[in-house]
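The values are calculated or read from the model by the stated rules, or taken from the named source; none is laboratory data. Nothing here was measured: the structure is a model prediction, and the numbers come from that model. Cβ coordinates were reconstructed from backbone atoms using ideal geometry, including for glycine residues, and neighbour counts include every protein chain displayed.
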Amino acid sequence: MDEASTQPVRLLICDDHRILTDTLRTVIEEDGGIDLIAPPVQTPEEAFRLVRERPPDVILMDIEFRGSMSGIEATRRVKELAPQAKVVVMTAHEDERLLVEAIEAGASGFLRKTEGVDELIGALKAAAAGEILVDPQALARMLPLMAREREVRREASERLATLSEREREVLALLTQGLRNEAIAQRLGISPQTVQTHVRNILGKLEVHSKLEAVAFAVRHGGRVS
């Protein structure tokens, strides 16, 4: 066994449920095979700072936070900052679509918040060793979802690619909650011209309202601007 394999797993916990994280911290500190790089953090932003300063081997990430960023988006950002770090998503959800999104964001797998202590410790060590933490039956159910999601993203990218530069600007401002008059002032054009752009956006995205267009842009965020 080489030296690296005998080193404790360096772990970071990111979850805004203090009772849970306090319990996890106590359990993990009793295990000699895992070291916390810092006390559990409650926001993705705190996790990003620590990942930049001293990248952990594994991040235990909640799937939901009370702020604006989800655990899925936080996972994607962590993998950009530290590609070698393994992210294990904790969830109380049974929604496999969320789990598909987490895996596609770069997660190595997920743990139910109802898992026992031994399962948790074993899963963290397995993730550090490069194992995928997805039940085979769940994976079989998720594969068709993953294929459909890829097709949805491909179609979304194709629709967004048809927008002109000005239409992209208008759509981006719509996602910020601006109305036509405010968009007109921001871009130095008339409200009537904004309305024309909005009509074109709805047609190209194949949606029926500004609200649908905004929802489309938010779901496929990062492809508008």
Right, Val78: buried (at least 17 other Cβ atoms within 10 Å of the Cβ) and touching a Lys or Arg at 6+ places or on another chain (Cβ under 8 Å) or not? no
Which condition number does Leu36 fail, the rest of (1) exposed (fewer than 14 other Cβ atoms within 10 Å of the Cβ); (2) touching a residue at least 12 places away in the same chain (Cβ under 8 Å); (3) not β-branched (Val, Ile, Thr) being met? (1)
Can you spot a residue in segment 80-102 that is touching a residue at least 24 places away in the same chain (Cβ under 8 Å), among the polar types (S, T, N, Q) and within 12 Å of Ile63 (Cα to Cα)? yes
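Yes/no matrix, rows are residues, columns are (1) at pLDDT 80 or above; (2) under 20 Å from the mean Cα position of the chain (by Cα); (3) in a loop (DSSP other than H, G, I, E, B):
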{"site": "Val100", "(1), (2), (3)": "no, yes, no"}
{"site": "Ile121", "(1), (2), (3)": "yes, no, no"}
{"site": "Leu124", "(1), (2), (3)": "yes, yes, no"}
{"site": "Ala127", "(1), (2), (3)": "yes, yes, no"}
{"site": "Arg141", "(1), (2), (3)": "no, no, no"}
{"site": "Ala156", "(1), (2), (3)": "yes, yes, no"}
{"site": "Arg166", "(1), (2), (3)": "yes, no, no"}
{"site": "Leu174", "(1), (2), (3)": "yes, no, no"}
{"site": "Gly177", "(1), (2), (3)": "yes, no, yes"}
Restricting to segment 24-56, count the residues that are outside any loop (DSSP other than H, G, I, E, B) and either charged (D, E, K, R) or in contact with a helix residue (DSSP H, G or I) (Cβ under 9 Å, 6 or more places away or on another chain) (or both). 18
Would you mind finding the one in Ala92, Ala85 that is under 18 Å from the mean Cα position of the chain (by Cα), at pLDDT below 90 and at negative phi? Ala92
